[in-house]
Amino acid sequence: MAKKKSDEKNNQDDDNTKNESDLSSNDEEPNFSDPEGFVDDISDEELVGDILKLKPKETDGVESVIVVDGVPQVGPSRIEKLKSVINKIFVKFGNIVNEYYPVNAEGHTKGYIFIEYSSPVHAAEAVKLTNNFKLDKQHTFQVNLFTDFSKYEQIPNKWEPPEPQPYEGQADLHYFMLEPDAYDQFAVVTAQGSSVQIWQNTQPDPTLVEQRSQWTQTYIKWSPLGTYLSTFHKMGIALWAGHNYAQYKKFAHPGVQFIDYSPCEKYLVTYSPQGDPHNPDQKRIIIWDIRTGLEKRSFNPEGPTAWPIFRWSHDDKYFARIGQNNDALQVYETPSFGLLEKKSIKINGIRDFNWSPTDNIVAYWVPEDKDVPASVTLLELPNRNEIRKKNLFNVADCKIHWQKSGDYLCVKVDRYSKVRKEKNETKYSGMYCNFEVFHMREKQIPVDSVECKEPIQAFAWEPVGSKFAMIHGESPNINVSFYEVRVGQAPILLKKLEKRACNHLFWSPGGQFVVLAGLGSNGGGSLEFVDTHDFLVMNTTDHFQMSDVEWDPTGRYVSTGVSFWKTKVDTGYWIWSFQGKILKRFNMEKFAQMLWRPRAPMLLGEEKQKEIKKNLKKYYPQFESKDRMRQSKASKELIEKRAALMEKFNEYRQERIKEYLDNKPRRLALRNHVDTDELDADTQNVEEEVVEFFIKEEVTIID
């Protein structure tokens, strides 16, 4: 059998060879040569233009190279140290691909170097921010792009004015502030970011502005002035702005979980606690320039850290953090992002600090150390002057609370009567609390003290005004005390509300009004709306299992929410008036987050604001007429909507009646021409039956 198959295969091969030879003998070989007199008038660009675009250029990569002049001239033994110093300065602007340090015959550097970045954008940023950078007293950098040499060589002898280019304006990022009726916006997020909605708080019903699915993978965050909407993704952060929420910038940072804005929205801090497991060199903290989208500096803290790690001054000029060994305050300045005066501020044992909301002043506290008492210090920057220091004794912990206008500082001091150490733990007993109030605008900054023997549940300053409130005591005897701070006087107790079911307090952004809330499993969702002008309780109500309370930026509305992150049932958010009247209830499955869009600071001065408040009655008729028009418009729209629905129903009904009548001959044919549409149509097939039964009998005696 094997031999037979082999023979058949050989015969087939012979036949194929024969056929191929026949074909080759019959067909002539094609001629690809051009005819005589042919002129090739097609250019390479027309023929293979798409391929020529990919042709490497001689200048490729040169745009990313910078030339740094004014570099110290050092010997071979100090070149590595010089490289380390130079690298720290220039690596902040992007990824350095290559660097070249020319040397002479003796191995000494020549005073200039070449640095190549991965992107021309990074090179341009480096030139912009490091040109004329002073390294030390003898050396100042002169930085240029490598392409500048050829550009300056090709300058024509005769100058020609540039042609005007059409103006392309940037989208209005603050359009929401120009809303005629001053309606605010708020964002609503469902769990796992499956849906993000942007609403405008119009009356009587909110209006949907934008809705997108999978807009974020976790949660969202507004920037401090409301300009940008931040969304979180596996590969980084995206910012959205403008009328249609177009993407403004992207910041690549894999595994990012937390972000923080500088107060003026110039910089963004991103934090990836776990880092990228596939990239061990991944930076954990990155500070970005929002306008350019460039990385300004990165940090890799060791061990767990509390967020936010960096705290910013009110004007974005400085940001600071506590050193890893709690022995220094590290203050950095912008836009260089280097240490202020190139050195940390040595403060042994520093525990916590906070910037003033209006001045470049830092308040920090240091615990007791042997015979040295604890202290709270006010440090003025950049001159590092200690403008006030307060020593404290028997201190277990401190919390720093600045008033929003920067007029007052309150330090909550937890004190003890006895202390003992067990192994590595320190245990305190006989705890009580002091509130140290610093009068920042008065001469020599006097300090007053308020003592409270009960546990403190919450504390908060009035944003606009000079009052503060605290929740103290233990359940069921929880009290709320309101104090006022006056110039030259100790804080005065204004009112004490006793036996309240609350554990959090939320001041209105405009002051005067406060919400006392019971959050969490122990709070029960209680709500109490209080006017602190005369301490009138405007309403007492509840929102069961409430997890969040948010004031809108104007102080006109309050939202409460039951988040899916806290519980899985009855999730949603409600909107209240500042007086505690429920306006809307929105129950949503997997509701996660509801955030009001912040507003930019008011441009009117204090005098103008006082004048408007004083003459507010003049504007009442105008506002009332607008409200009436809005309500009548809403009623008119509702009537028109109902009329349209009724008309649509009548049209549908007439169509069905016509269809019913058209089908009557078919029904008669199917039923032996007996009309069963009416009950009395066929009297022969109808039997009448009378049924009588006794229902009830009553006897009523009438006098």
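The values are calculated or read from the model by the stated rules, or taken from the named source; none is laboratory data. Since we're looking at a predicted model, the values are computed, not measured. Note that each Cβ is placed from the backbone with ideal geometry, even for glycine, and that neighbours are counted across all protein chains shown. When the accessible area is computed, the model is the full protein with side chains, heavy atoms only, and any ligands, DNA or RNA have been set aside. Shrake-Rupley method; radii C 1.70, N 1.55, O 1.52, S 1.80 Å.
Here are a few things to note about the model shown:
- Mean separation of Cα contacts under 8 Å, 6 or more apart, over the residue count of segment 65-153: relative contact order %: 40
- Where only alpha carbons of segment 616-677 are counted, the Rg and the Dmax (Å): 25.7, 83
- For the chain, relative contact order (Cα pairs under 8 Å, six or more residues apart, normalised by length) works out to 6 percent.
- Accessible area per residue for segment 110-266 is 57 Å², calculated with a 1.4 Å probe on protein heavy atoms, without ligands, DNA or RNA.
- A dipole drawn for the chain from +1 and -1 charges on Cβ atoms has a positive end, and of 402, 195, 37 the residue lying farthest that way is 402.
- For the chain, the spherically averaged projection of the C-alpha convex hull amounts to 81.9 nm².
- Inter-centroid distance (Cα atoms) of segment 130-189 relative to segment 562-581, Å: 45
- Note on the chain: with neighbouring protein chains present and a 1.4 Å probe, carbon and sulfur make up 50 percent of its accessible heavy-atom surface.
- Residue 129 sits among other residues whose Cβ lies under 15 Å from its own Cβ, and their net charge, with Lys and Arg +1 and Asp and Glu -1, is +4.
- Dipole check for the chain: with +1 at the C-beta of Lys and Arg, -1 at the C-beta of Asp and Glu, and the Cα centre as origin, the magnitude is about 5020 Debye.
- Members of 495/618; 443/613; 412/467; 250/342; 92/317; 399/453 lying beyond 24 Å, as alpha-carbon distances in this model show: 495/618; 443/613; 250/342
- Cα centre as origin, Lys/Arg/Asp/Glu Cβ charges: segment 616-677 dipole, Debye: 440
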